[in-house]
Amino acid sequence: MSESADGNSVAPLSKQPRRSVLILARILTALVSGAAAEGMLWIEGYPSWWAMDPNMGRITPEYQCDQDLGWSARAGSVVFSWPDRPGPIRVTNWSGGRRATSEQEQGQPNRPRVFFFGDSYIQGYGLADMDTLPWMVQKRHPEMEVANYGAGLYGTYQSYLAMAKRVHGPATVYYLFNGFHEGRNAAEPAFLRVMNRPPQGCFYPYPQPSGGELKPGRSQGEVVWFLSRHLRIVALVQEYKQIIESYWRVRNKRRTTEMLLVKMNELVSAQGGNFTVILFDLDPEERNHYRDFLRAQGINAVDCDRPEMKDTSLRQADRHPGGKLNALLAEWIEPVAATAPRTVSDTRDHR
């Protein structure tokens, strides 16, 4: 203690730390906080796409770039092998973006036609040709010509684009709808996120709602940043950036999907055909909503709300349908599949 001029005691002024010490302390505090946040994100398993396939974005041998659809099946035969699956799998594609539905390529225009559209469930991911749903329907109905236009990662929008490209004239047309197609239709971050930029000519198409219409959009994919692959905090920043950019599309994903289903029905009906939606993997709320929506719109539907859908023995390890589940599905859609396509005049009468 020291004494002032008036005789009072005063405390000595404390010595302030040097500026460099303060800066170092702040840096250390930020590093410790960042490390703690990184550790917490790691414990919580965030982000869920951290373990994403490093090849995501590259095109696999059974596909080719498509100027209208983004990608489609490449004609030819490819053999795949997986460590956790018994034996190799042969995937045979025909011309026109179709997976094989019989031993010999079909092309007889005078027979009634049955077209299948959808994602990898219809395409038959992980299955030999003969275990796919369209192959089974073709075998049950040799008097018909069955085409499989399913492709991996397709949603309602790409399936609609494929219909516009392939459906010409009367046909019985099926679209297998899964609840996660809503997100693909809205180009949500999980749909566009890739580890590699797709090849030149390949892209991710999506519709953009505008004034009650759907305008075409496309993306080359949102490549994961280099630092996002190593730091979860950076991944958090990138994810929220993508969430903000896609907010309006994702917010309207259900309305977008409804508009696409109506457009599908109108397209097929205008060609004199029958259109049917297969309600496959949906949660209870989604199933009830779309079941009621399709009924209100007068659109045919096959609702796969059955106990067998929860039987894991009928699924592959990644929940794709196995051959046995496809065999059951072939029976469930049989009453509709065997119906001859309507003529253009019949279609007008039933509107």
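Points worth noting:
- Gap separating the Cα centres of region 88-126 and region 266-293, nearest whole Å: 21
- Exceeding the 18 Å Cα-Cα cut-off - candidates 215/241; 215/253; 165/253; 215/263: 215/241; 165/253
- Net +/- balance of residues flanking residue 332 in space, Cβ distance below 11 Å, scoring K and R +1, D and E -1: -4
- As a proxy for reagent exposure, ranking 94, 71, 225, 42 by other Cβ atoms within 10 Å from fewest up yields 42, 225, 94, 71.
- Most simply put, region 50-349 has about 50% antiparallel DSSP beta bridges, counting only bridges with both residues inside it.
- Residues 52, 144, 264, sorted so that the one with the fewest Cβ neighbours within 10 Å comes first: 52, 144, 264
- Proximal lysines to residue 324, defined as alpha-carbon separation beneath 29 angstrom and excluding residues fewer than eight positions away on the same chain: 139, 310
- Legend note: in the chain, cysteines whose Cβ sits 4.7 Å or more from every other cysteine Cβ are 304.
- Where labels lie 7 Å past Cα in the beta-carbon direction, separation of residue 46 and residue 79 in nm: 4.7
- Calculated mean residue ellipticity at 222 nm for the chain: -10500 deg cm²/dmol, from DSSP H runs with n ≥ 4 weighted as -39500 (n - 2.57), summed, divided by the residue count and rounded to 500.
- Placing dummy labels 7 Å off each Cα toward the beta-carbon, the span from residue 53 to residue 128 is 2.2 nm.
- Label-reachable residues, region 69-96, where backbone N falls under 12 Å from a point 7 Å from residue 139's Cα toward its Cβ: none
- With the charge dipole of the chain set up from +1 on Lys and Arg Cβ and -1 on Asp and Glu Cβ about the Cα centre, the Cα lying farthest toward the positive end among the listed residues 199, 330, 95 is that of 199.
- Neighbour-count order for 79, 268, 250, 262, fewest beta carbons within 10 angstrom listed first: 79, 262, 250, 268
- For residue 74, net neighbour charge (Lys/Arg +1, Asp/Glu -1) across residues whose Cβ lies under 13 Å away: 0
- Applying Stokes-Einstein at 4 °C and 1.567 mPa s to the Kirkwood radius of region 50-349, computed over alpha-carbon pairs, gives a translational diffusion coefficient of 65 µm² s⁻¹.
- Region 210-226 residues near the modelled residue 164 label - backbone nitrogen below 19 Å, point 7 Å along Cα→Cβ: 210-220
- Net charge dipole size for the chain [Lys, Arg +1 and Asp, Glu -1 on Cβ; Debye, nearest 20]: 740
- Sparse-neighbour loop sites [GluC sites (Glu not before Pro); region 140-203; at most 12 other C-beta within 10 Å; DSSP]: 143
We did not get these values from a lab; they are worked out from the coordinates using the rules stated. All of these numbers come straight from a predicted model, not from anything done at the bench. Ideal geometry is used to build each Cβ from the backbone, glycine not excepted, and the neighbour counts take in all protein chains shown.
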